Amino acid sequence: MEKVKRLSREVRAKGTVITLYKDTVEVNGNIADWDFIHHDGAAAVVAVNDDGKLMMVRQYRNALDRFTLELPAGKLDEPGESTLVCAKRELEEETGYYSDDVEYLLTVNTTIAFSDEKVDIYLAKNLHKTAQHLDPEEEIDVELWDIEDLKKLIYEGKMTDGKTIAGIMTYAAKYL
């Protein structure tokens, strides 16, 4: 016997990045309403330059009302787009660097309690300078960081972005 059964799903709001649903579910014979946020997915990149430094981006995040230090990342342009294609595009758009030396590191589901957002994280090496291609509403600064300094920010609670922490720590554990 199923302990949880979705009875209905109703669109509540559709935004540029997400769709908000109200799900009505039966849990152990009880009826409950749950929020559900659909996101088409995204990709992020741990970009390592020839000196071993990680290329990070500093950008404003409206949800936190502050600038954050993160891995280059972005959403899929359309459902079903390859996350590898997305990762390469976002790396170049946000940092002005391109790489064909890109490999998959891991997948992160960002907030499983209420969203299906999935971020595939890649490692990029052998970076080639091109040019940033920022959207008109983006303000992004590119910074080079030593891995130990980034880990210190994580351990001190000063870096809190899940995809960034997962990417940095996976890269460190796997390659250093």
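Listed by first and then second residue, the pairs linking a residue in segment 60-84 that is in contact (Cβ under 8 Å) with a residue 60 or more places away in the chain and within 24 Å of residue 48 (Cα to Cα) to a residue that is part of a loop (DSSP other than H, G, I, E, B) and open to solvent by 100 Å² or more (accessible area, probe 1.4 Å), with Cβ atoms under 7 Å apart and 6 or more places separating them unless they lie on different chains, are 60/139. Checking each residue in segment 50-73 for being among the basic types (Lys, Arg) and open to solvent by 90 Å² or more (accessible area, probe 1.4 Å) picks out only 66.
Put simply, of 19, 68, 83 the only residue that is hydroxyl-bearing (Ser, Thr, Tyr) and farther than 22 Å from residue 105 by Cβ is 19.
Taken over segment 141-176, the criterion of being among the β-branched types (Val, Ile, Thr) and crowded, with 19+ Cβ neighbours inside 10 Å is satisfied by 164, 168.
Scanning segment 95-140 for residues that are small (Gly, Ala, Ser) and either open to solvent by 70 Å² or more (accessible area, probe 1.4 Å) or over 15 Å from residue 44 (Cβ atoms) (or both) turns up 96, 113, 115, 131.
The values are calculated or read from the model by the stated rules, or taken from the named source; none is laboratory data. These numbers come from a predicted model, not from an experiment. As a convention, Cβ positions derive from the backbone with ideal geometry for all residues, glycine included, and neighbour counts pool all protein chains shown. For the accessible areas, the whole protein counts, side chains as well, though only heavy atoms, and no ligand, DNA or RNA atoms are used. Shrake-Rupley method; radii C 1.70, N 1.55, O 1.52, S 1.80 Å.
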